[in-house]
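Asks: Pasting in a structure now, in structure tokens, and then I'll have a few things to ask.
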Amino acid sequence: MDGSEGGDDSQADERPRRPSRRTLSLLVTPIAILIIASWIGDASAVYLVDHHPLWLIALNARNRNLVLVVNQLDTLPYYAVGTVRLLLSDPLFYLLGYFYGDGAIRWMERQAPTYGRIMRTAERWFSVAAYPLVFFAPNNFICLFAGAGGMGLLTFFILNITGTITRLWMIRVVGDIFAEPIDDVIRFIQDYRLPLFVLSIVLVLITIWNERRQGTGELTSLTRLEEELEQGEDSSAQEETGND
């Protein structure tokens, strides 16, 4: 991958020796825990949204959850919990890209049937707009590209943190502007909480079952990542031995 912009403070061709399999597990395990937490947040969102809004964004800080709870939370807990939850997985994916480079990118491309095209487009954009992408759209594969492209860790954190806080501020503004419609949605949830709760659980279970059946689930993909990177490491070691 081209490290053009964002590679000035850390040379992409001077990638460190790949860490041990134990280190890989230490990166993958927290990601798996965060995925499970997001499932719990999705399944219980209709209960948590007005009973425990802080818990909702702690489990899953997706935009719709942030919008729903933004007017129910004081400024400090909203920014503190929202920032931490949104940032938790970003350095993990950055380190996967940093340590495993193209191998981690190929895994991300195969995560879902439609992901490949999105990944290739994002990779082309990343080569010319690394800094804005990390600031405005620090999703999992952008963070992985940042690591694989050689963006310096300090640069990555500055862009990632400031961009995340800016995103939370923008959602705060949206919450102020659309306070009444948001309250209407919450009242609707309160009126139909039980059927919506059952529906949420069923949808999450169906999604998990369908992804496992197709072999495209996030946890399944993480298992494959470990296997693929370990196989790649073994192949590289064999090639080096053969060359010697």
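The values are calculated or read from the model by the stated rules, or taken from the named source; none is laboratory data. Note that the structure is a prediction, hence the values are computed from the model and not measured. Backbone-built Cβ (ideal geometry, glycine too); neighbour counts: all protein chains shown. All accessible areas refer to the heavy atoms of the entire protein, side chains included, with ligands and DNA or RNA removed. Shrake-Rupley method; radii C 1.70, N 1.55, O 1.52, S 1.80 Å.
Asks: Provide a single number: the residues in the range 69-94 that are over 20 Å from CYS143 (Cβ atoms) and open to solvent by less than 30 Å² (accessible area, probe 1.4 Å).
Replies: Result for the range 69-94: 4.
Asks: Which residue pairs have Cβ atoms closer than 9 Å, lie 6 or more positions apart in sequence or on different chains, and pair a first residue in the range 54-65 that is more than 8 Å from ARG85 (Cβ to Cβ) with a second residue that is at pLDDT 95 or above and outside any helix (DSSP H, G or I)?
Replies: LEU54/LEU73
Asks: Further question: Can you tell me how many residues in the range 171-183 are over 21 Å from TYR79 (Cα atoms) and either under 28 Å from the mean Cα position of the chain (by Cα) or surrounded by 11 or more Cβ atoms within 10 Å (Cβ to Cβ) (or both)? Walk me through how you get there before you give the answer.
Replies: To start, the set of residues in the range 171-183 that are over 21 Å from TYR79 (Cα atoms) comprises 180-181.
This time we only want the ones that are either under 28 Å from the mean Cα position of the chain (by Cα) or surrounded by 11 or more Cβ atoms within 10 Å (Cβ to Cβ) (or both), so: none.
Residues that pass the stated criteria total 0.
Asks: Sort out which residues of the range 135-153 are farther than 19 Å from TYR100 by Cα and either assigned to a helix (DSSP H, G or I) or charged (D, E, K, R) (or both), and write them in order of number.
Replies: PHE135, PHE136
Asks: Is one or more of the residues making up the range 80-93 modelled with pLDDT under 95, of a type in the set (Phe, Trp, Tyr) and out of contact with any Asp or Glu (no Cβ under 8 Å at 6 or more places or on another chain)?
Replies: Checked against the condition, which is being modelled with pLDDT under 95, of a type in the set (Phe, Trp, Tyr) and out of contact with any Asp or Glu (no Cβ under 8 Å at 6 or more places or on another chain), the range 80-93 yields at least one hit.
Asks: For the range 146-170, enumerate the residues that are open to solvent by 70 Å² or more (accessible area, probe 1.4 Å) and of a type in the set (A, V, I, L, M).
Replies: LEU153, LEU154, ILE158, ILE165, MET170
Asks: What number of residues in the range 111-126 are open to solvent by less than 60 Å² (accessible area, probe 1.4 Å) and modelled with pLDDT of 70 or more?
Replies: 1
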